[in-house]
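The values are calculated or read from the model by the stated rules, or taken from the named source; none is laboratory data. Since this is a predicted model, take the numbers as computed values, not measurements. Heads up, the Cβs are rebuilt from the backbone with ideal geometry, glycines too, and the neighbour counts pull from every protein chain shown.
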Amino acid sequence: MNRASKALAEEITSLINKKQEGGYWDFKQQWHDSKADLLHDIICLTNNMENRDAYLIFGVEDKTCQIIGINEDNSRNRLNTVGVVNFLRDKKFVGDVRPIARVETIDIEGKELDILIIENSHYTPFRLSQDFKDRPKKSDGKDTGKTVKANNVYTRIQDTNTPIDKTADPDKEERLWRKRLRIDEPAYNKAMYYLENPEDWEKAERDSSDSYIATDGLRYPGLKLHRPAWDYSYYYRYAPEYSIEFTSYCSGTNNKHFLCLLFPDPNCTLMDVVVKVSNQTIYKYFYVDLDGTKAELICPRNGIIEFSDNPSEKAFIMSYVVKGSFECIVNEFLIEKFPIKKQSPDNIYRYIKPWKDCVIQFESEYEKDEFKKYIVNKYNEVIYNQETQNTNDILLSEKIPSISSDLLKYHNRVYKDAQVLMREYETWRNSLNAH
């Protein structure tokens, strides 16, 4: 069982143990005989009020919550992911926007369960533009098929779906529209969503008031230094109160990163990036200026992986980001808006490659935690020393200014750790995918 299936199995087990259905999960002993019922269930769950992924769990009795499993007796209408995608593709949805769903098969208590996962989406409310009707008939020729009605809004409240011949109450439909328009999203989430579309951000013009006063009381007591509040600033054209600011200075204590030392011109540093709403800071981090300002990329996070039976000085320093995080979104924004965009494709690759070679891009926080467990279980001081010997050292450019031996030693160690961990991550992922 790979890491994703393991996590899913743990979550589904916890839902079964609740001994009841809920607002985003529904138990089914077997796959639907009625395609209208299947479509109705999918639409209800994708329009759930929980603002999250939803599950149709096949192989569990819905009254007793007993695990039955999927077997030869109840698998007549069984679908895989391709079957579900094809089923939804044929249905007429408003705006041609359909739920995104997939099927995962997991093992719980030695029995197979099919999990139809309906992904969370902001395109709510999903609804049909044309009726969908089953065509089963009785022996007397009467039509007994069910109909999923066009323009009806179906949702799920606690363990109950909107009836197939009804539409959701107005307040529930309003909540789904508010979700679509992101009206109730926190400012942090809205900013992430807006930054995913760099083309909708306009460069701000500076005026004389865009500065702040910093007092350098150590070197020049009483001297007030006027610095610009930002070097580059952009605002979101559809909500100008959202802005992102880039400075040419760093508020951190260590303003150098090992990535800087991998390029011909290492005279670069970490700098601040700040996201604001109505001039209130909601996100602040660092980006790294590479090869004499020819490219800017987000600074990766650093994580410590300590060996369980060794002192911390023999721990790994892990450089990483998590996909979908603010760091990854801002990184794409930098690539789109800053000088790297003006480079040729070959040069763009030349700047991005060292970053990708050293920075692990985890699919999720769960994957990051599982990888750290893997490293802790595998490594000790002897293996650590062996593996780090098979790495490259930082080759210092003649352009680099004086750098202390201690700082160089630290950067070299982080660089070596990054090489080892990237190798381990690729091996670990390949082994999991093979299973």
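Would you check if there is a residue in the range 368-390 being at pLDDT below 80 and within 23 Å of the chain's Cα centre (by Cα)?
No, there is no match, as no residue in the range 368-390 is at pLDDT below 80 and within 23 Å of the chain's Cα centre (by Cα).
Suppose the filter is part of a helix (DSSP H, G or I), modelled with pLDDT of 80 or more and in the same structural domain as LYS323 (by TED's automatic domain parsing); does ASN412 pass it?
So ASN412 fits the description; yes.
Given the criteria in the same structural domain as TYR24 (by TED's automatic domain parsing), more than 27 Å from LYS179 (Cβ to Cβ) and not in a loop (DSSP other than H, G, I, E, B), does ASN86 qualify?
Against the criterion (in the same structural domain as TYR24 (by TED's automatic domain parsing), more than 27 Å from LYS179 (Cβ to Cβ) and not in a loop (DSSP other than H, G, I, E, B)), ASN86 qualifies.
Being more than 27 Å from LYS18 (Cα to Cα) and either among the aliphatic types (A, V, I, L, M) or in contact with a Phe, Trp or Tyr (Cβ under 9 Å, 6 or more places away or on another chain) (or both) is the filter here, so list the residues in the range 61-76 that pass it.
Hit for the range 61-76 is ARG76, nothing else.
For the range 37-49, check the following and say yes or no: at least one residue is farther than 21 Å from PHE132 by Cβ, assigned by TED's automatic domain parsing to the domain that holds SER14 and not β-branched (Val, Ile, Thr).
yes
Looking at (1) on the phi < 0 side of the Ramachandran plot; (2) not in a strand (DSSP E or B), find the lone condition where CYS65 falls short.
Of everything listed in (1) on the phi < 0 side of the Ramachandran plot; (2) not in a strand (DSSP E or B), CYS65 misses just condition (1).
What number goes with the only condition from (1) in contact with a Pro (Cβ under 9 Å, 6 or more places away or on another chain); (2) crowded, with 21+ Cβ neighbours inside 10 Å that THR293 does not pass?
Every listed condition holds for THR293 apart from (2).
Which number in (1) part of a helix (DSSP H, G or I); (2) more than 30 Å from ARG178 (Cβ to Cβ) marks the one condition that LEU38 misses?
Of everything listed in (1) part of a helix (DSSP H, G or I); (2) more than 30 Å from ARG178 (Cβ to Cβ), LEU38 misses just condition (2).
This table checks each residue for (1) modelled with pLDDT of 70 or more; (2) within 22 Å of the chain's Cα centre (by Cα); (3) surrounded by 13 or more Cβ atoms within 10 Å (Cβ to Cβ).
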site: LYS179; (1), (2), (3): yes, yes, yes
site: ALA214; (1), (2), (3): no, no, no
site: LEU218; (1), (2), (3): no, no, no
site: TYR235; (1), (2), (3): yes, no, yes
site: GLU241; (1), (2), (3): yes, no, no
site: CYS250; (1), (2), (3): no, no, yes
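Residues of the range 68-83 being part of a loop (DSSP other than H, G, I, E, B) and either in contact with a strand residue (DSSP E or B) (Cβ under 6 Å, 6 or more places away or on another chain) or under 26 Å from ARG135 (Cα atoms) (or both), which ones?
Once the filter is applied, which keeps residues that are part of a loop (DSSP other than H, G, I, E, B) and either in contact with a strand residue (DSSP E or B) (Cβ under 6 Å, 6 or more places away or on another chain) or under 26 Å from ARG135 (Cα atoms) (or both), the range 68-83 yields GLY69, ILE70, GLU72, ASP73, ASN74, SER75, ARG76, ASN77, ARG78, LEU79, ASN80.
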